[in-house]
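The values are calculated or read from the model by the stated rules, or taken from the named source; none is laboratory data. Everything quoted here is computed from the prediction, not taken from an experiment. Note that we place each Cβ from the backbone using ideal geometry, even for glycine, and neighbour counts take in every protein chain shown. Surface accessibility is based on the protein's heavy atoms, side chains included, excluding ligands, DNA and RNA. Shrake-Rupley method; radii C 1.70, N 1.55, O 1.52, S 1.80 Å.
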Amino acid sequence: MYKRAEYQTIKDRINEPRKFIQVVMGPRQVGKSTVVKQVLKDIDLPYLIYSADNVPATNTTWVADCWAAARSLLTSKSYSCMILVIDEIQKIRNWSEAVKKEWDDDTFHDRNIKVLLLGSSRVLLERGLSESLAGRFEEIRMSHWRYDEMRDCFGWSLDQYVYFGGYPGAATLINDEDRYEQYIQSAIIDATINKDILMDTPISKPALLRQTFELATAYSGEILSYNKMLGQLLDAGNTSTLAGYLNLLHESGLVCALQKYSVDLARRKGSIPKFQVHNNALRTVFTPLTFEQAILDRKSWGRIFESAIGAFLVGQAFVHRFEVFYWRDRNDEVDFVLKKKNAVIAIEVKSNNESNTTGLKRFRNLFNPQKAIIVGNSGIPAEDFLTMDVSRLFE
């Protein structure tokens with residue numbers, strides 16, 4: 001079975017002496033549970049796995065019950081160490097306080113129970129981690145699958161990755177596009193919105209949240225003002241409502257609104273957003289073009305290609321903790337701007353024979369970035385860029 005890079009990270013940390021809770025986080029259907037099970041199968045340590053996916057959120061004793069089972073096995077079997085894995089932990093109300101209580105009790109009594117927590121709702125996970133578990137955990141962040149992973153595991157071509165995005169669970173369905181789209185709709189979109197957002201966050205207008213998602217994904221890779229969005233949405237309320245919904249969609253691994261790059265933080269916050277899906281499947285599932293039709297339509301393919309590069313960058317930003325922006329001034333534009341601390345990298349995407357790089361040149365003159373890169377024709381081939389560790393560009 002194919003093993004992602006996080007396999008070794010998780011394995012190494014489990015084999016270390018007990019010190020931190022390991023928190024594996026990332027969007028739905030990227031293989032968090034699978035990679036943890038692969039590790040547990042390959043190490044010679046006893047373990048218990050529980051999932052909170054179908055546990056009532058009000059069952060506040062559930063976490064304590066999981067811990068009690070692990071302690072009972074540790075004692076009755078005289079194990080020297082025990083692994084406790086809890087999946088979708090963020091679904092339990094006040095989970096962080098319960099975890100803190102049990103973890104601290106184990107620490108006080110020298111119980112060698114190592115803990116892995118898994119979750120797909122980043123905003124709920126990070127809220128709990130920051131509230132109660134400061135100093136007690138480490139994060140292992142997982143993003144959507146890269147091109148080289150889909151290629152090596154499923155034999156995908158670059159064009160297939162650009163169009164279908166890269167959810168491993170749907171990889172065998174792409175020859176039946178209707179079936180593939182049904183999977184993306186039910187297993188990814190509906191599950192994330194209904195389970196990760198609506199069940200855990202007070203939303204005054206659920207229908208508007210869904211409309212916001214569909215409109216933002218349709219414009220992935222494009223710049224669209226909130227006011228123009230309001231004109232296309234029913235019962236839209238105000239721009240603050242849309243911005244709040246987009247933040248939830250971003251934290252759940254669906255779609256985000258990139259800000260315009262500026263040295264002035266206030267100008268960034270007030271800029272017109274550029275929408276970007278986290279996985280290109282979320283964009284193409286709503287396109288009227290099939291895979292074969294999209295390849296032949298060069299204009300549409302150019303937008304799909306740029307969106308695929310952006311999805312890859314957003315995933316890398318989550319894992320390696322840097323920011324992604326865009327830049328535009330009148331007719332000059334840079335597709336993506338990466339920022340980590342004081343280092344800035346400009347990236348221009350070229351999917352055809354277009355050679356105009358005036359936007360990149362002007363950005364260089366204005367902001368003096370550490371690097372200015374073209375991806376595609378006359379630059380780094382997409383096959384190479386979509387397989388690289390982007391954080392190395394900051395070195």
For this session: At 7 Å along the Cα-to-beta-carbon direction for both Ser262 and Asp110, put a label point, then send me their distance in nm to one decimal.
Result: 6.0 nm
Exercise. Under the rule of -39500 (n - 2.57) per DSSP H run of 4 or more residues, summed and divided by the residues of the chain, what mean residue ellipticity at 222 nm is obtained, to the nearest 500 deg cm²/dmol?
Worked result: -12500 deg cm²/dmol
Problem set entry | Where trypsin sites (Lys or Arg not before Pro) fall in DSSP loop in the range 305-395, at most 15 other Cβ within 10 Å | Arg321, Arg330, Lys341
Exercise. Out of residues 5 or more away from Ser271 or on other chains, whose amide H comes under 5 Å of its own, with H placed 1.01 Å from N in the peptide plane?
Worked result: Lys260
For this session: Would you mind counting up the charge near Ser391? Only other residues with Cβ under 11 Å from its Cβ, with Lys and Arg at +1 and Asp and Glu at -1.
Result: +1
For this session: May I ask what percent, to the nearest 5, of DSSP beta bridges between residues of the chain are antiparallel?
Result: 35 percent
Problem set entry | Alpha carbon convex hull of the range 1-69, volume per residue in cubic angstrom | 123 Å³
For this session: Starting from the Cα-Cα distance between Ala207 and Phe154, subtract it from 0.36 nm times their residue separation and give me the gain in nm to one decimal.
Result: 15.5 nm
Exercise. Each label point is 7 Å from the Cα along the Cα-to-Cβ direction; what then is the distance between the points at Leu366 and Ala218, in nm?
Worked result: 3.0 nm
For this session: Any chance you could check the Cα centroid distance between the range 192-265 and the range 32-60 for me, in angstrom?
Result: 32 Å
Seminar exercise, completed: Ranked by GNM mean-square fluctuation in the chain (Cα springs under 10 Å), the top entry among Phe164, Phe154, Phe336 is Phe154
Exercise. What distance in nm separates the simple spin-label points at Lys299 and Arg330, each placed 7 Å from Cα in the Cβ direction?
Worked result: 2.6 nm
Seminar exercise, completed: Taking a label point 7 Å from the Cα of Arg179 along Cα-to-Cβ, the residues of the range 152-168 whose backbone nitrogen sits under 16 Å from it are 168
Exercise. Roughly speaking, what is the stretch gain from Ser225 to His320, that is 0.36 nm per residue apart minus the C-alpha to C-alpha distance, in nm to one decimal?
Worked result: 31.3 nm
Exercise. Can you give the percent of C-alpha pairs in the range 88-197 whose distance is more than 24 Å?
Worked result: 45 percent
Exercise. Over the alpha carbons of the range 263-395, what is the largest minus smallest coordinate on each principal axis, giving the biggest first in Å?
Worked result: 42, 31, 31
Problem set entry | Whole-number accessible area per residue in Å² for the chain, which is evaluated in the context of all protein chains at 1.4 Å | 45 Å²
For this session: Starting at the first residue of the range 38-43, write each ³J(HN,Hα) from the Karplus equation 6.51 cos²θ - 1.76 cosθ + 1.60 with θ = phi - 60°, in whole Hz, x for Gly and Pro.
Result: 4, 5, 4, 5, 9, 10
Seminar exercise, completed: Projected onto their principal axes, the Cα atoms of the range 143-231 stretch, largest extent first, over whole-Å spans of 43, 30, 25
For this session: Return the long-range amide H neighbours of Asp87 (sequence gap of 5 or more, or a different chain), with a cut-off of under 5 Å between placed amide H atoms.
Result: Tyr50, Ser51, Ala52, Leu118
For this session: Lys and Arg at +1, Asp and Glu at -1: add these up for the other residues within a Cβ distance under 13 Å of Ser262 and post the number.
Result: +3
Exercise. Using a 1.4 angstrom probe with every protein chain in place, what is the largest-first accessible-area order of Tyr79, Tyr261?
Worked result: Tyr79, Tyr261
Exercise. In the range 1-153, how does Rg compare with the Kirkwood Rh, expressed as the Rg/Rh ratio over alpha carbon atoms?
Worked result: 0.96
Problem set entry | Sequence-separation-based contact order of the range 33-171, relative, with Cα cut under 8 Å and 6+ spacing, percent | 21 percent
